[in-house]
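The structure appears below as structure tokens.
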Amino acid sequence: MKTRVIQDVPQHRDTRTRTRTGLAGWIARHRLTSFFVLAYVLAWWSWPLYRMDVWPRQAFNAVGALLAALIVIAVADGRPGFRDLGRRMIRWRVPWYFYAFALLLPVMLRFGVSALNPAPDPEWAGLAWGSFALTFLVRLVNPLDGPMAEEPAWRGFAVPRLQGDLSPLASAAVLGMLVALWHLPLLGDIGPAGLIATFVITFVYVWLFNRTGGSVLLVLLFHNAQGFLTMTDLGYRGADLSRQEWYECAAWAVVALVLIVADRDAWSRPR
């Protein structure tokens, strides 16, 4: 496969951008910095207020990533930026095997790892597959849930701009670290294995995004397939759940390593 590094985003580095002043001008000149700062602030804002007894509860607002991308696009790029993101959101004309990869690999990996670490009391007969299908569809369009809240932001906005200056491999490493740290407030729920898995699976996301011509739709499907069937749905609890999390983390690390080694062209900048 030929490499296609995705970086075709409107940057507007013209005289108007260079001469803009104030906060809007700073954001236009520092799109990525502005985006990541906003993504953290909008997702974490209730935590310090809760600690100071100013806010009644603490919450992790995943939609902060999506809002950050939309704010920066509105200030720095305007309509061309929204058109670019919109085209990526509906970019569906990709080879069929990428759909198979996005939809089947997460489920196959989960069940495959489950064979190595069987749940002590799985209730297969009680799994309502119709409910899972409905959950899949709702998560696909719900901006308050992980897939829609994150993919237009991390992949649709950040990856093309990171790859304007860095190779896809370096971009994936930088993004993986920032996204893993962004999930830090969820440490009590996802554990250390979840944070590490978030880092390593970012390489898989970036590979899929680039190989599909910058399709946010495909990485959105991939993210959705990852989480609509949870480990607790399969009966994992306590120590078994923790072990399963580490096993899946290791499995995704293997997938990422295989993609890096087997498809080296995908990770270098075009000559």
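Scan segment 218-244 for residues that are under 18 Å from the mean Cα position of the chain (by Cα) and either buried (at least 17 other Cβ atoms within 10 Å of the Cβ) or within 15 Å of F199 (Cα to Cα) (or both) and jot them down.
L218, V219, L220, L221, F222, H223, N224, A225, Q226, F228, L229
Which of the residues belonging to segment 199-242 are of a type in the set (D, E, K, R), part of a helix (DSSP H, G or I) and touching a helix residue (DSSP H, G or I) at 6+ places or on another chain (Cβ under 9 Å)?
Within segment 199-242, just R211 meets the criteria.
Kindly provide the set of residues from segment 105-120 that are under 19 Å from the mean Cα position of the chain (by Cα) and aliphatic (A, V, I, L, M), ordered by number.
Matches in segment 105-120: L105, V107, L109.
Condition (residue is of a type outside the set (A, V, I, L, M) and at pLDDT 95 or above) applied to segment 169-179: is it met by at least one residue?
Among the residues of segment 169-179, at least one is of a type outside the set (A, V, I, L, M) and at pLDDT 95 or above, which makes the answer yes.
When the residues of segment 104-160 are narrowed to those that are among the basic types (K, R) and at pLDDT 90 or above, which ends up nearest to N61 (Cα to Cα)?
Top of the filtered list is R155.
Mind checking whether some residue in segment 144-158 is surrounded by fewer than 15 Cβ atoms within 10 Å (Cβ to Cβ) and in contact (Cβ under 8 Å) with a residue 40 or more places away in the chain?
Looking for residues that are surrounded by fewer than 15 Cβ atoms within 10 Å (Cβ to Cβ) and in contact (Cβ under 8 Å) with a residue 40 or more places away in the chain, one finds at least one in segment 144-158, hence yes.
Going through segment 208-264 one residue at a time, which ones are closer than 26 Å to P160 by Cα, free of Cβ contacts under 8 Å to residues at least 60 places away in the same chain and aliphatic (A, V, I, L, M)?
A253, V254, A256, L257, V258, L259, V261, A262
Would you check if R91 is touching a residue at least 40 places away in the same chain (Cβ under 8 Å), charged (D, E, K, R) and closer than 22 Å to V141 by Cβ?
Details: touching a residue at least 40 places away in the same chain (Cβ under 8 Å): yes; charged (D, E, K, R): yes; closer than 22 Å to V141 by Cβ: yes.
Yes, satisfied.
Among the listed residues V141, V63, which satisfies the condition of being in contact (Cβ under 8 Å) with a residue 24 or more places away in the chain and either under 30 Å from A158 (Cα atoms) or more than 16 Å from the chain's Cα centre (by Cα) (or both)? Quick ask: steps written out before the conclusion?
Details: V141 fails: in contact (Cβ under 8 Å) with a residue 24 or more places away in the chain.
On inspection, the qualifying residue turns out to be V63.
When you look at G194, is it part of a helix (DSSP H, G or I), more than 27 Å from P95 (Cα to Cα) and free of Cβ contacts under 8 Å to residues at least 24 places away in the same chain, yes or no?
For G194, the condition - part of a helix (DSSP H, G or I), more than 27 Å from P95 (Cα to Cα) and free of Cβ contacts under 8 Å to residues at least 24 places away in the same chain - is not met.
Collect the residues in segment 73-104 that are of a type in the set (A, V, I, L, M, F, W, C) and either more than 20 Å from the chain's Cα centre (by Cα) or under 26 Å from G25 (Cα atoms) (or both), keeping them in residue-number order.
I73, A74, V75, A76, F82, L85, W96
I'd like to know if segment 110-119 contains one or more residues that are surrounded by 11 or more Cβ atoms within 10 Å (Cβ to Cβ), assigned to a helix (DSSP H, G or I) and touching a His at 6+ places or on another chain (Cβ under 9 Å).
Checked against the condition, which is being surrounded by 11 or more Cβ atoms within 10 Å (Cβ to Cβ), assigned to a helix (DSSP H, G or I) and touching a His at 6+ places or on another chain (Cβ under 9 Å), segment 110-119 yields no hits at all.
Tell me, please, whether a residue that is among the small types (G, A, S) and not in a loop (DSSP other than H, G, I, E, B) can be found in segment 140-148.
Among the residues of segment 140-148, at least one is among the small types (G, A, S) and not in a loop (DSSP other than H, G, I, E, B), which makes the answer yes.
Would you be able to say whether some residue in segment 239-247 is of a type in the set (S, T, Y) and under 12 Å from I190 (Cα atoms)?
yes
Is it the case, given these coordinates, that Y99 is surrounded by fewer than 17 Cβ atoms within 10 Å (Cβ to Cβ) and in contact (Cβ under 8 Å) with a residue 40 or more places away in the chain?
Values: surrounded by fewer than 17 Cβ atoms within 10 Å (Cβ to Cβ): yes; in contact (Cβ under 8 Å) with a residue 40 or more places away in the chain: yes.
Against the criterion (surrounded by fewer than 17 Cβ atoms within 10 Å (Cβ to Cβ) and in contact (Cβ under 8 Å) with a residue 40 or more places away in the chain), Y99 qualifies.
The values are calculated or read from the model by the stated rules, or taken from the named source; none is laboratory data. Predicted model, so just to flag it, every value in this text is computed and none were measured. A quick note on method: Cβ atoms are made from the backbone with ideal geometry, for glycine too, and the neighbour counts reach across all protein chains shown.
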